[in-house]
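Below: one structure, written as structure tokens.
The values are calculated or read from the model by the stated rules, or taken from the named source; none is laboratory data. From a predicted model like this one, the values you see are computed outputs, not experimental measurements. FYI the Cβ positions are ideal-geometry reconstructions off the backbone, even for glycines, and counts take in every protein chain you see.
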Amino acid sequence: MISVQKLCLFLGLLFLLHAAYSAAQHRAYLRITEREYTSLPLDILIQGIVSLFITMYGVMHIAGEFKEIRATVELESKSWETLRNLPSFYVFNHRGRALSPDYIPPSHKSSHMDVDS
């Protein structure tokens, strides 16, 4: 079954497209009659504004709950350990391994340094 909000969204978009089409037809009519464009007729303006509000109502109710704009509200529930957990910055192959007492340096037969891939 179609909900009222989805019906409002569909009708709002349909009426908004109709208002845009009517505005384009009005501009074409003014070009054909060689009149100067001053503004859109009042019925097209009212249809566009009303359909915009109907569409916004449908979108706001379909989208669900809004999140708080302030980032601190969402971050207050997290601990310091979870905030600093950034797996994309983990580095496992670095020069610090040479400082480990268990480190065994690779044996190279050439005198130049090899670049790790």
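Residues in the stretch 33-44 include none that are out of contact with any Pro (no Cβ under 9 Å at 6 or more places or on another chain), small (Gly, Ala, Ser) and touching a residue at least 24 places away in the same chain (Cβ under 8 Å).
In this entry, residue 17 passes the filter for residues that are out of contact with any Pro (no Cβ under 6 Å at 6 or more places or on another chain) and at pLDDT 95 or above.
If you filter the stretch 45-87 down to residues that are surrounded by 10 or more Cβ atoms within 10 Å (Cβ to Cβ) and of a type in the set (Phe, Trp, Tyr), you find that the one that is modelled with the lowest pLDDT is 57.
In the stretch 20-96, counting only helices (runs of 4 or more DSSP H) that sit wholly within it, the ones holding 2 or more residues that are within 21 Å of the chain's Cα centre (by Cα) span 42-63, 71-75.
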